Structures are given as structure tokens and as C-alpha cells.
Amino acid sequence: MSKILAINAGSSSLKFQLFDMPSEEVLTKGLVERIGLENSIFNMTVNGEKKKEVMDIADHSVAVQLLLQKLTEYGIIKSLDEIEGIGHRVVHGGELFNDSALITEDTLQKIEALSDLAPLHNPANVIGIKAFQDVLPNVPAVAVFDTAFHQTMPEESYLYSLPYEYYEKYGIRKYGFHGTSHKYVTERAAELLGRPIEQLRLISCHLGNGASIAAVEGGKSIDTSMGFTPLEGVAMGTRSGSIDPALIPYIMHKTGQDADEVINVLNKKSGLLGLSGLSSDLRDIEEAAENGHPRAKLALQVFADRIHKYIGSYAARMCGVDAIIFTAGIGENSDVVRERVLRGLEFMGVYWDPALNKVRGKEAFINYPHSPVKVIVIPTNEEVMIARDVVRIAGI
Ligand code: ADP
């Protein structure tokens, strides 16, 4: 039995889950917040009970030391030697990584070099990796990339219709994100359908604060809605999704903002939040829409409509679809969004059952038995994919 840590490091946060492998039992999980700021918060679940401590945590290395100390203090492990591997979520693997990779000096240099493509995320992921190297230098670590699953996209999917040399010189192309989640739910869907994944055409809808749709044919991603950055595609909690690019200089001219400020609006102040003027959280939007708030109703409709259109286009892309999958916070929980996304898709063989659609947060088929296209709710589990990849790549 091996204990594997799955880590997701942000610029001031560190999310962790400790797995027992191969049983995949979660021994503990938690989150360190406000690292490097005053009153940092250490959260950890111990035997189902949430523990929370407020203290100053100067940097990620201190956060890692504290985490390891707590693991032994709470008796989750007896000694640090029990930790046999660490998996790190890394946002951008560019074209350099089409699979998870053992972290070596070379891997780390490549991840750092890719910071140009993901300036907000990769540097934070590197800080997390280095913090563990400081504290547990002899434990093998593996990087699991959000982009890797989408590296199977063919040229016609990943290229923008721009001057070709922009791709060659600057790496301008669609990379796609949420790959670990799309991979997990599509593999799980094949299991639930009882069919080999090689024979399946699947559309995976990852709908959380960030949202993306993927077309997965024969187990390979062939197209996805997010692009060069996570801003492209469907409308999201605070992101606009795809817009006419000519709007950017127009908004700059009209509002006096510079390009970075406009991109910030598109990333942080648009989507459900921008349209409703209320909140980026779908629960608030649903509640306000139910109470008749016109712009909340509009935000909900725009959100669902864009997803509905992607499903149509990806079904066309694969010349058919065997199953549609809903996952992440909204996909797993919101019958309202699922209903609006699915409504009207009967023409392509999607017959869904409103009673089954009421399901929340657990695996379930929500189609009628005779429906040629199955519709499945599958809670995502990116952490277990990270732990599995540590075992596979580090040979544990
Ligand atoms: P992240 O991308 O941050 O991981 P999540 O996958 O946790 O996001 O999804 C967050 C979204 O899920 C929020 O918009 C939240 O409102 C929505 N959500 C969570 N639970 C429910 C629920 N019971 N009903 C409707 N929406 C929900």
C-alpha cells in the first residue's frame, strides 16, 4: 500500500489530498489559504471532521512543512517515509507534454519556460513543486497537465485561421484545459456504458466556475471549447467565453481602459456575473431567476444556450454521439442548467427523463432507456487521476 499526495498549488494557496493506493481511499484532504499573507488559514479534514487553524504561513515551503507535520500529528500517517509519491497539477504543458511527466530538472525547466503561455498559473505550480522538493527531496514527483489530454486534437481543431507563422513562431493555437477532468469522466462513462472507449463518441461538459466542453472520440480529445487560454468557449461564472475579437479595441476606445484591463473584464467581470449584475455563482443566479429577476433569467439562458450549441456542433464534428456527460459543480448539481442544455436535442436522439434529471452530485444516467444517446451525470475526480498517474509514471 502506498500513500500518494495530490497537490494543486495556486499563488497563495495549496490544495491537497492524501490517497492510499491502489485502494484510492482518500485518507485526508484540505486547503492552505492566504499563504504569504497575514492570517493564513490551514484547513484539513480528519476522520470526517473539519479542522481549521489561523496562523501566519510565510511561504509554500512552510505550508508544506506544516501539512506534513499535521499528517503525523493527527495520526494519518506514522512517518513521512510512508509518502511514496507526489502528484502536482500543472496548468500548462504546451506542446511539450502530451502525458504526465516525472519531475526532473529538465521537466521543471520546461514548465518554467511555459510560463509565457500561462503567466498566472505555471509559476504558482512551480512554487508548489519546489516547496515539496525542499522538504521531501527524495520522494518522486509527477506533473499532471491540464492541457495534456487535448494534445491529441488534430491540426484542423487546434489551429486558428490566422497567419500560419503565428503558430510556428509564437505557439498560437488552441491548447484546451480541464483535460484531467474530461479524461476521468469519459473513461468512467465508458465503464458505465459497458463499452470499450475506442468505440465511443462522447461529449463531455465540465461546468464549474470555469466551463469547457470536449469532443472525445475513441478515448481521444479531438476538440474542446477552451483555447489558447481558458477564456475561449462557453460563457462561465466570470469569463465571457468567445466574443468578436474586434470588440477589444472598441471597448478600449469607448471606456479608456488598456488591453490588460479589458482582458481582466473578460476574465473576471463577464459571464454570469456580468450579464446578471448579481453574482458569478450559479446558485444565486438560479434563485434570483426563480424570483423573476430579468437579468438573472437572461444570464441562465445565455449560459445554457452556448453549451447547447456546442453539443450540436460536436455531434456534427463526430458524425454522431453516443453519450453526453455532465460534470463539475454545475454539471453535477444543476437540473435547471441540464434541462435547458438538453431541451430540443430530441432531433439528434437525446431523450432525457425530467424525473431522473433531478439527481445531484452522484453518478446517474438521466436518459430514458430507449434513448439512442445516453446522458450521464458523473462527479469529476481530478485528484484521483493525479494519484493514478503518480503510480503509473513513477512506477510505484
Ligand atoms: P471550480 O471551477 O471552482 O472547481 P466548481 O466545480 O466547484 O468550480 O463549480 C462551482 C459552480 O457550481 C458554482 O457556480 C456553483 O454555484 C455551482 N453549484 C455548486 N453546487 C450547486 C447546486 N447544488 N446547484 C446549482 N449549482 C451548484
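Quick notes on this one:
- Of GLU198, GLU217, GLU168, GLU187, all but one fail to be of a type in the set (D, E, K, R) and farther than 26 Å from GLY349 by Cα; the exception is GLU168.
- Conditions (1) within 13 Å of the ligand (Cβ to nearest atom); (2) over 24 Å from the mean Cα position of the chain (by Cα); (3) more than 30 Å from LYS374 (Cα to Cα): number failed by ALA259: (1)
- If you go through segment 361-383 and pick out every residue that is within 12 Å of ARG188 (Cα to Cα) and either touching a His at 6+ places or on another chain (Cβ under 8 Å) or among the aliphatic types (A, V, I, L, M) (or both), you end up with 5.
- Residue pairs whose Cβ atoms lie under 8 Å apart, sitting 6 or more positions apart in sequence or on different chains, and linking a residue in segment 77-101 that is without any contact (Cβ under 8 Å) to a residue 24 or more places away in the chain to a partner that is open to solvent by 10 Å² or more (accessible area, probe 1.4 Å), are LYS78/THR72; SER79/THR72; LEU96/LYS110; LEU96/LEU114.
- When residues of segment 188-223 are limited to those that are of a type outside the set (A, V, I, L, M) and within 14 Å of THR327 (Cβ to Cβ), the one farthest from the ligand (Cβ to nearest atom): ARG188
- Test: residue in segment 301-310 that is assigned to a helix (DSSP H, G or I), more than 14 Å from SER212 (Cα to Cα) and either at pLDDT below 95 or within 15 Å of the ligand (Cβ to nearest atom) (or both): yes
- Only one of the listed residues (ILE311, ILE386) is of a type in the set (A, V, I, L, M, F, W, C) and touching a Lys or Arg at 6+ places or on another chain (Cβ under 8 Å). That residue is ILE386.
- A residue that is touching a helix residue (DSSP H, G or I) at 6+ places or on another chain (Cβ under 7 Å) and closer than 25 Å to TYR158 by Cβ occurs somewhere in segment 247-260.
- Note on segment 51-108: residues that are part of a helix (DSSP H, G or I), under 24 Å from LEU27 (Cα atoms) and of a type outside the set (S, T, N, Q) amount to 13.
- For segment 359-383, a residue qualifies if it is more than 15 Å from the ligand (Cβ to nearest atom) and surrounded by fewer than 21 Cβ atoms within 10 Å (Cβ to Cβ), and the qualifying residues are GLU363, PHE365, TYR368, PRO369, HIS370, SER371, PRO372.
- Selection within segment 48-61 - open to solvent by less than 60 Å² (accessible area, probe 1.4 Å) and touching a residue at least 24 places away in the same chain (Cβ under 8 Å): ILE57, HIS60, SER61
- Checked against the criteria, THR45 counts as more than 28 Å from HIS92 (Cα to Cα) and open to solvent by less than 40 Å² (accessible area, probe 1.4 Å).
- Pair list, Cβ under 7 Å, 6 or more apart: segment 12-32 residue open to solvent by 40 Å² or more (accessible area, probe 1.4 Å), other residue polar (S, T, N, Q): LYS15/ASN8; VAL26/GLN17; LYS29/GLN17; LYS29/THR45; LEU31/SER13; LEU31/ASN43
- Filtered by the rule that a residue be open to solvent by less than 20 Å² (accessible area, probe 1.4 Å), of a type outside the set (Ser, Thr, Tyr) and near the ligand (Cβ under 10 Å from one of its atoms), segment 272-290 gives LEU272, LEU282, ILE285.
- Considering residues of segment 305-351 that are open to solvent by 10 Å² or more (accessible area, probe 1.4 Å) and of a type in the set (Val, Ile, Thr) only, the residue farthest from ASN367 (Cα to Cα): ILE330
- Flag if GLN133 is farther than 30 Å from LEU342 by Cβ and not β-branched (Val, Ile, Thr): yes
Okay, residues lined up against (1) farther than 30 Å from PRO245 by Cα; (2) surrounded by fewer than 24 Cβ atoms within 10 Å (Cβ to Cβ); (3) out of contact with any Pro (no Cβ under 8 Å at 6 or more places or on another chain):
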| position | (1), (2), (3) |
| --- | --- |
| VAL135 | yes, yes, yes |
| PHE145 | no, no, yes |
| GLN151 | no, yes, yes |
| TYR167 | no, yes, yes |
| GLU198 | yes, yes, yes |
| HIS206 | no, no, yes |
| ALA211 | no, no, yes |
| MET226 | no, no, yes |
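The values are calculated or read from the model by the stated rules, or taken from the named source; none is laboratory data. Predicted model only: the values in this text are computed from it and were never measured. FYI the Cβ positions are ideal-geometry reconstructions off the backbone, even for glycines, and counts take in every protein chain you see. Calculation scope for accessible area: heavy atoms of the full protein, side chains included, ligands and nucleic acids excluded. Shrake-Rupley method; radii C 1.70, N 1.55, O 1.52, S 1.80 Å.
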